[in-house]
1. Could you work out Rg/(2.2 N^0.38 Å) for segment 50-97, with Rg from alpha carbons only?
2. Given axes a ≥ b ≥ c from the Cα gyration tensor, I'd like to know whether segment 1-61 is rounded (a/c under 1.5), prolate (a/b larger than b/c) or oblate.
3. Of 265, 72, 176, which is the most mobile in a GNM of the chain whose springs link Cα atoms less than 10 angstrom apart?
4. If the viscosity is 0.692 mPa s and the temperature 37 °C, what translational diffusion coefficient in µm²/s does Stokes-Einstein give for segment 156-223 when Rh comes from Kirkwood over Cα pairs?
5. In µm²/s, what is D for segment 17-107 at 10 °C and 1.306 mPa s, where D = kT/(6 pi eta Rh) by Stokes-Einstein and Rh is the Kirkwood radius from Cα pairs?
6. So how tilted is helix 200-211 from the main axis of the chain? Cα-based, degrees 0 to 90, rounded to 10.
7. Please find the FRET efficiency linking residue 82 to residue 40, where r is the Cβ-Cβ separation and R0 is fixed at 22 Å, and quote it to the nearest 0.05.
8. Give me D for segment 79-232 in µm² s⁻¹, whole number, from Stokes-Einstein with Rh from the Kirkwood sum over alpha-carbon pairs, 20 °C and 1.002 mPa s.
């Protein structure tokens, strides 16, 4: 009498084992919207509470809904708690620890299938390219070959070492184009990306400017393509293998660290779960009149990335950043691959 029947139910310090059992049974049998019960039961140490913890153990065996025991009286009910644990139970010492644990479980994905079905890739071609590579970052032509062999769509591009070749490539691809430095790992940081080049004169000027950047060996030319910027990649971790990463590109991955990860290989279903776990997922769906992307296409790219890494474990790190996508297609715009065979 006098106890609160709201959530949480509070049956006061005078609560007995019998009363606790009645509350658990009622919540277990009468409320479909209740998924589980966190039972917090402590004591000031005035009397033993073995019967309460014995009752809790029995209800955990018979209840249809999971029961999470939170037993905070680790000093005043030491023997009772030890007896409860000796029955094979695990406890939480306070509700904060329990809250953190349940949050971790909620954020964890389902166990991966033992034999995931991955897309078919050109394994012979992938091995030919990898076997021809030395350790370190590989050149654009080999990156293109690996992406093509894995069936990962990329934007059309050409590499030019001479100014006239750059102009000819821009005409073949169609203006406006983008020009990027080949050589520097972080092109944008050194001014190695020039956008919206509209004609031959601008193409010549861009080539001259980019070739002056230290460590630049050539110029990469691509047609302009607009859409949502995305990120996909992977890194080989000691004792774990490759971790597949995905997120939105640009500020979302670089500043906000909005990234989801999964252990390679991942299935289409796991990839979808990763994509939907992003904080910026609403942007991918399309907001305020802006076009979104087809998440199934993005997930397919992640599974093909898995298949590439299974075939070529020598890939130490791969960044596809950005990919640009809309509701019809997603294409890799920039990529780098680091090989480490030893």
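1. 1.09
2. Numbers: a/c = 2.19, a/b = 1.38, b/c = 1.59.
Because a/c hits 1.5 or more and a/b fails to exceed b/c, segment 1-61 counts as oblate.
3. 72
4. 291 µm²/s
5. Numbers: Rh = 13.7 Å.
The estimated diffusion coefficient comes to 116 µm²/s.
6. Compared with the principal axis, the helix lies near 70 degrees.
7. Working: r = 19 Å, r/R0 = 0.84.
Working from the Cβ atoms, E equals 0.75.
8. 106 µm²/s
A short reminder: the numbers here are calculations on the coordinates, not readings from a lab. Since we're looking at a predicted model, the values are computed, not measured. A quick note on method: Cβ atoms are made from the backbone with ideal geometry, for glycine too, and the neighbour counts reach across all protein chains shown.
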